[in-house]
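The values are calculated or read from the model by the stated rules, or taken from the named source; none is laboratory data. Just so it is clear, the structure is predicted and the values come from calculations on it, not from any experiment. Please note: Cβ atoms are built from the backbone with ideal geometry, for glycine as well, and neighbour counts cover all protein chains shown.
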């Protein structure tokens with residue numbers, strides 16, 4: 001089955017800097033790669049996603065890149081703000097959705 | 001509120017008791033998913049339904065767990081003879097699949113936090 005690994009587990013950046021979170025997946029049949037943001041005590045919220053027929057997608061300060069050959073995808077957050085502080089999860093979907101273990105991002109003001 | 005809702009939000013039970021959780025998906029969504037999330041981990045897939053049909057069930061799901069979606073709307077997840085290891089957040093999500101249109105986007109509910117003492 002699909003195995004998703006996510007790095008780093010924690011990430012601390014200064015406000016205004018960029019943050020990058022990386023994930024690898026194992027199942028070449030995976031065709032959908034979402035990223036979720038989860039604040040403490042709240043539900044995971046979909047922030048951006050990408051399908052396997054696209055290499056990059058951008059939405060304001062957030063972008064996701066996908067390298068199907070290497071089976072890895074990344075989340076890029078530019079001009080980070082304190083409200084970006086949360087746990088971020090990547091996921092990959094061959095059939096059911098498999099999530100990474102999460103990255104706790106802290107943006108220091 | 002037109003999002004996914006779950007009830008109860010918190011449940012404390014004694015080991016050995018049975019518990020049942022309810023999930024109401026977004027009204028037009030026909031796919032419904034159950035996940036379990038423990039502290040410091042990502043959501044772990046348990047099972048999913050398309051309408052009333054349970055299409056997939058994780059091998060990690062023991063026989064003590066059962067889920068239903070009898071009318072293709074809300075779903076229930078029951079855990080029998082609870083164990084301390086069942087303590088976790090149980091999340092529900094929904095998505096839309098209709099004809100040739102398949103939305104992979106899953107929207108999560110707030111979860112039910114289960115504590116087994």
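Test each condition in (1) modelled with pLDDT under 90; (2) farther than 20 Å from residue B:86 by Cβ for residue B:61 and report the one that comes out false.
(2)
Looking only at strands (runs of 3 or more DSSP E) that fall completely inside the stretch B:51-106, which ones have 1 or more residues that are surrounded by 15 or more Cβ atoms within 10 Å (Cβ to Cβ) and without any contact (Cβ under 8 Å) to a residue 24 or more places away in the chain?
B:53-57, B:65-68
Could you list, in sequence order, all residues of the stretch B:25-45 that are more than 22 Å from residue A:39 (Cα to Cα) and surrounded by 13 or more Cβ atoms within 10 Å (Cβ to Cβ)?
B:29, B:30, B:31, B:32
Out of B:83, B:56, I need the residue that is modelled with pLDDT of 95 or more and in contact with a strand residue (DSSP E or B) (Cβ under 8 Å, 6 or more places away or on another chain). Which one?
B:83
Mind listing whichever residues of the stretch B:1-26 are under 16 Å from the mean Cα position of the chain (by Cα), assigned to a strand (DSSP E or B) and away from every other protein chain (no Cβ under 13 Å)?
Answer for the stretch B:1-26, where residues must be under 16 Å from the mean Cα position of the chain (by Cα), assigned to a strand (DSSP E or B) and away from every other protein chain (no Cβ under 13 Å): B:7, B:11, B:19, B:20, B:21, B:22, B:24.
With the requirement that a residue be part of a loop (DSSP other than H, G, I, E, B), at the interface with chain B (Cβ under 10 Å from one of its Cβ atoms) and closer than 29 Å to residue A:69 by Cα, what does the stretch A:1-44 give you?
A:1, A:2, A:9, A:31, A:44
Would you check which residues across the stretch B:59-80 are out of contact with any strand residue (DSSP E or B) (no Cβ under 9 Å at 6 or more places or on another chain) and within 14 Å of another protein chain (Cβ to nearest Cβ) and list them?
Within the stretch B:59-80, just B:59 meets the criteria.
Scanning for something more than 14 Å from chain B (Cβ to nearest Cβ), surrounded by 18 or more Cβ atoms within 10 Å (Cβ to Cβ) and farther than 24 Å from residue B:107 by Cβ, does the stretch A:66-83 turn up at least one residue?
yes
Looking at A:30, A:26, A:52, which is the one that is crowded, with 21+ Cβ neighbours inside 10 Å, over 14 Å from the mean Cα position of the chain (by Cα) and farther than 26 Å from residue B:112 by Cβ?
It is A:30.
Is there a residue being out of contact with any helix residue (DSSP H, G or I) (no Cβ under 9 Å at 6 or more places or on another chain), over 25 Å from residue B:38 (Cβ atoms) and outside any strand (DSSP E or B) anywhere in the stretch A:83-91? Reasoning before the result, please.
First, pick out the residues of the stretch A:83-91 that are out of contact with any helix residue (DSSP H, G or I) (no Cβ under 9 Å at 6 or more places or on another chain): A:83-91.
Among the residues that remain, those that are also over 25 Å from residue B:38 (Cβ atoms) are: A:83.
Within this subset, residues satisfying the condition of being outside any strand (DSSP E or B) are A:83.
Yes, because at least one residue in the stretch A:83-91 is out of contact with any helix residue (DSSP H, G or I) (no Cβ under 9 Å at 6 or more places or on another chain), over 25 Å from residue B:38 (Cβ atoms) and outside any strand (DSSP E or B).
With (1) away from chain A (no Cβ under 12 Å); (2) over 20 Å from residue A:96 (Cα atoms); (3) not in a strand (DSSP E or B) as the list, and residue B:29 as the residue in question, which single condition is left unmet?
Status for residue B:29: all satisfied but (2).
If I ask for residues that are within 14 Å of chain B (Cβ to nearest Cβ) and closer than 24 Å to residue A:12 by Cβ, which ones from the stretch A:84-109 would you list?
A:86, A:87, A:88, A:89, A:90, A:91, A:99, A:100, A:101, A:102, A:103, A:104
Is there a residue being crowded, with 20+ Cβ neighbours inside 10 Å, under 27 Å from residue A:39 (Cα atoms), away from every other protein chain (no Cβ under 14 Å) and over 11 Å from the mean Cα position of the chain (by Cα) anywhere in the stretch B:108-117?
yes
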